[in-house]
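First comes the structure, then the notes that go with it.
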Amino acid sequence: MKMRSYYDVPNRNYSYIFNFEEEFEHQDTRVWMTKNWTISFYICGLYMILIFGGQHYMQSRPRFNLKGVLCVWNSLLAAFSLMGAFRTAPELFHVLKTYGVYHSICIPSFIEHDRVAGVWTWLFVLSKLPELGDTVFIVLRKQPLIFLHWYHHITVFLYSWFSYTEYTATARWFVVMNFCVHSIMYTYYALRSMGYRLPRRFAMLITTCQLAQMVVGCTVNIWAAQYLQEHQPCHVSTMNVKLSIAMYFSYFVLFARFFYKSYLDAENSKKSKTPNNVPGGYTSNQQIGKVKYQ
């Protein structure tokens with residue numbers, strides 16, 4: 001009896017499929033994204049003008065509270081991320097269990113042959129546009145805008161668009177990891193905006209998850225580079241691997257520095273009772289809330 005291949009059993013990972021998932025045509029979205037890739041650069045340029053122009057505009061004006069709007073915003077993004085994780089993770093787990101690491105890194109079947117994972121991968125890319133709105137709250141509330149925040153937003157948005165036009169196979173890893181971490185992160189932010197004072201270790205957990213994500217991202221890219229070097233069929237361009245490694249490594253360095261300054265250095269300051277250093281608590285949690293991660 002012939003064993004059925006991956007492509008013979010579409011959408012086998014889901015007990016229920018929504019109409020918009022069933023009707024998704026990945027070819028149409030790829031054509032549009034490829035033809036309009038320059039839009040991503042215009043958006044990033046406008047984003048930079050608005051956030052730094054907005055900071056200058058707000059210098060002499062009172063800060064906005066926006067607590068209610070922020071609560072709704074974080075709750076919506078948390079719900080979206082949770083749904084995305086539930087709709088993309090089963091495909092990755094199935095591939096790893098049934099076909100192994102090579103398939104998960106080199107075969108982009110999650111877009112071409114799994115409508116559910118395919119549509120949520122596209123929605124993932126699109127979500128990087130509204131996520132730029134995170135910075136609006138920072139500017140209007142007159143909170144410090146750190147480099148990691150806007151650098152991360154811009155590079156993730158550009159890289160996600162670029163990878164979708166290439167149908168980069170390694171993206172299944174990046175999408176699932178991002179959805180899972182964002183579901184935790186935005187839930188935390190939503191609870192904070194509702195007034196719940198969560199223990200400091202939850203904020204530390206978020207940054208730790210981010211650091212782990214960067215390590216896995218670099219590892220996946222190294223595996224992809226090895227497959228390409230061995231001339232094995234792998235649907236990842238050399239340019240994509242180089243950009244992705246550079247991006248993930250830079251994130252790791254910045255997040256590691258952030259973790260040290262927010263927690264370890266703050267803890268040392270607390271022990272030494274240096275009055276000029278704020279030892280975590282509400283200040284550190286607010287600072288964590290200013291950074292949106294991939």
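The values are calculated or read from the model by the stated rules, or taken from the named source; none is laboratory data. Keep in mind the model is a prediction, meaning the values are calculated, not measured. Neighbour counts run over all protein chains shown; Cβ positions are idealised from the backbone, glycine included. Calculation scope for accessible area: heavy atoms of the full protein, side chains included, ligands and nucleic acids excluded. Shrake-Rupley method; radii C 1.70, N 1.55, O 1.52, S 1.80 Å.
Annotation note: of I43, I17, I49, the sole residue that is in contact (Cβ under 8 Å) with a residue 40 or more places away in the chain and either in a helix (DSSP H, G or I) or open to solvent by less than 40 Å² (accessible area, probe 1.4 Å) (or both) is I43. Could you please give the count of residues in segment 95-121 that are part of a helix (DSSP H, G or I) and crowded, with 18+ Cβ neighbours inside 10 Å? Residues that pass the stated criteria total 14. Among the residues of segment 53-68, those that are assigned to a helix (DSSP H, G or I), touching a residue at least 24 places away in the same chain (Cβ under 8 Å) and not polar (S, T, N, Q) comprise G54, M58, K67. When residues in segment 132-170 are screened for being within 21 Å of F258 (Cβ to Cβ) and not hydrophobic (A, V, I, L, M, F, W, C), 12 of them pass. If you go through segment 144-158 and keep only what is open to solvent by less than 20 Å² (accessible area, probe 1.4 Å) and either out of contact with any Asp or Glu (no Cβ under 8 Å at 6 or more places or on another chain) or closer than 15 Å to G45 by Cα (or both), you end up with L148, H152, H153, V156, F157. Among W223, W173, which is buried (at least 21 other Cβ atoms within 10 Å of the Cβ), farther than 25 Å from L46 by Cβ, at pLDDT 95 or above and out of contact with any Leu (no Cβ under 6 Å at 6 or more places or on another chain)? Just a single option satisfies the conditions, and that option is W173.
Conditions tested, residue by residue: (1) small (G, A, S); (2) surrounded by fewer than 13 Cβ atoms within 10 Å (Cβ to Cβ); (3) under 20 Å from V181 (Cβ atoms).
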{"site": "L211", "(1), (2), (3)": "no, no, yes"}
{"site": "G217", "(1), (2), (3)": "yes, no, yes"}
{"site": "Y227", "(1), (2), (3)": "no, no, no"}
{"site": "E230", "(1), (2), (3)": "no, yes, no"}
{"site": "P233", "(1), (2), (3)": "no, yes, no"}
{"site": "V236", "(1), (2), (3)": "no, no, no"}
{"site": "F249", "(1), (2), (3)": "no, no, yes"}
{"site": "A256", "(1), (2), (3)": "yes, no, yes"}
{"site": "D265", "(1), (2), (3)": "no, no, no"}
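The numbered conditions (1) crowded, with 17+ Cβ neighbours inside 10 Å; (2) among the small types (G, A, S); (3) within 26 Å of G118 (Cβ to Cβ) are all true for A190 except (3).
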